[in-house]
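Have a look at the structure below before the remarks.
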């Protein structure tokens with residue numbers, strides 16, 4: 001017993017007590033000598049790695065390291081042995097360990113060098129399986145990403161669906177003011193009223209699922225034809241279209257359909273409102289498992305910092321088109337320069353690549 005002034009007697013902890021702590025640790029623990037040989041381990045290490053105590057004790061610690069990392073780990077271990085020091089967990093190291101069945105898993109490891117009794121120096125390795133923690137962190141990132149994607153999606157829907165409607169509504173309103181024929185005024189007002197009703201339905205549809213009512217009602221080919229007719233009526237721009245999708249339209253992934261429609265819609269609207277042209281050309285075709293859509297005009301063009309891609313360069317419509325194509329597993333390029341027109345080319349797979357994996 002140890003006694004001191006004013007203090008109660010304290011029981012001396014024996015080697016057996018320390019052994020009990022070692023065995024009861026919730027983390028796997030290894031005692032490794034300066035040569036990298038495992039000299040002792042606790043039951044949690046046996047459970048974690050799947051080898052028996054007899055198989056692990058006396059073997060090299062590199063046995064627990066994936067083959068691709070063993071030589072690098074051995075170099076690190078030898079450098080550590082030259083100047084051993086405590087290393088706590090949570091140092092931001094991405095470490096992998098190997099089970100007996102060949103599977104790998106992420107771990108955090110703390111190192112505590114020291115001598116056991118009067119023997120040579122050893123390192124006590126405390127190992128913690130962080131698979132669940134990494135999965136929770138991944139899920140948290142995915143939730144944040146999903147929220148950000150939803151925000152961007154809503155922004156694109158407002159830009160592509162309702163901003164386009166408001167622009168058209170403004171133009172139709174001006175035409176209505178200047179219209180002197182009573183019958184034409186009544187017909188124009190009926191068209192406006194019908195479009196307002198369509199916008200109301202669109203808002204309701206957006207609330208339900210942020211989809212395109214026109215696209216859902218008509219299908220891709222018919223919705224594009226309506227878009228081209230409206231462009232001529234509202235903007236006075238004739239669209240020369242070649243849409244060859246009839247035989248594959250029913251096979252297209254819904255994500256690809258929406259992406260194609262929105263990209264063509266935005267590109268045609270840009271040509272009609274910014275390019276200062278009276279006509280533009282649109283081609284949509286299937287090609288080796290993908291759908292290719294091109295919108296070309298011979299208008300004024302513009303400066304694009306990267307002519308090979310539509311970047312975040314202030315052109316909200318171009319950035320939205322690129323994001324839509326990439327979300328559908330495709331790509332988008334823009335070729336333009338001042339005075340030389342603009343060509344927007346989008347490719348999206350007919351089938352969602354992610355869906356094929358299930």
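The values are calculated or read from the model by the stated rules, or taken from the named source; none is laboratory data. Note that the coordinates shown come from a computational prediction; the quantities given were computed from them, not determined experimentally. All Cβ positions, even for glycine, are placed from backbone atoms using ideal geometry, and neighbour counts span all protein chains on display.
For this structure, a couple of remarks:
- Residue check for residue 355: outside any strand (DSSP E or B), at pLDDT below 80 and out of contact with any helix residue (DSSP H, G or I) (no Cβ under 7 Å at 6 or more places or on another chain): yes
- Residue check, residue 82 modelled with pLDDT under 90, loosely packed, with under 10 Cβ neighbours inside 10 Å, more than 30 Å from residue 16 (Cβ to Cβ) and touching a strand residue (DSSP E or B) at 6+ places or on another chain (Cβ under 9 Å): no
- Matching residues in segment 14-58 - criterion: being farther than 20 Å from residue 115 by Cα, in contact with a strand residue (DSSP E or B) (Cβ under 6 Å, 6 or more places away or on another chain) and part of a loop (DSSP other than H, G, I, E, B): 27
- Within segment 266-279, not a single residue is assigned to a strand (DSSP E or B), crowded, with 21+ Cβ neighbours inside 10 Å and either without any contact (Cβ under 8 Å) to a residue 60 or more places away in the chain or in the same structural domain as residue 224 (by TED's automatic domain parsing) (or both).
- Any hit, segment 225-236, residues being on the phi < 0 side of the Ramachandran plot, in contact with a strand residue (DSSP E or B) (Cβ under 7 Å, 6 or more places away or on another chain) and at pLDDT below 85: no
- Test for residue 121: is it in the same structural domain as residue 37 (by TED's automatic domain parsing) and modelled with pLDDT of 90 or more: no
- Test: residue 56 is within 19 Å of residue 108 (Cβ to Cβ) and in the same structural domain as residue 109 (by TED's automatic domain parsing): no
- Some residue of segment 162-176 being touching a strand residue (DSSP E or B) at 6+ places or on another chain (Cβ under 9 Å), in a helix (DSSP H, G or I) and modelled with pLDDT of 80 or more: no
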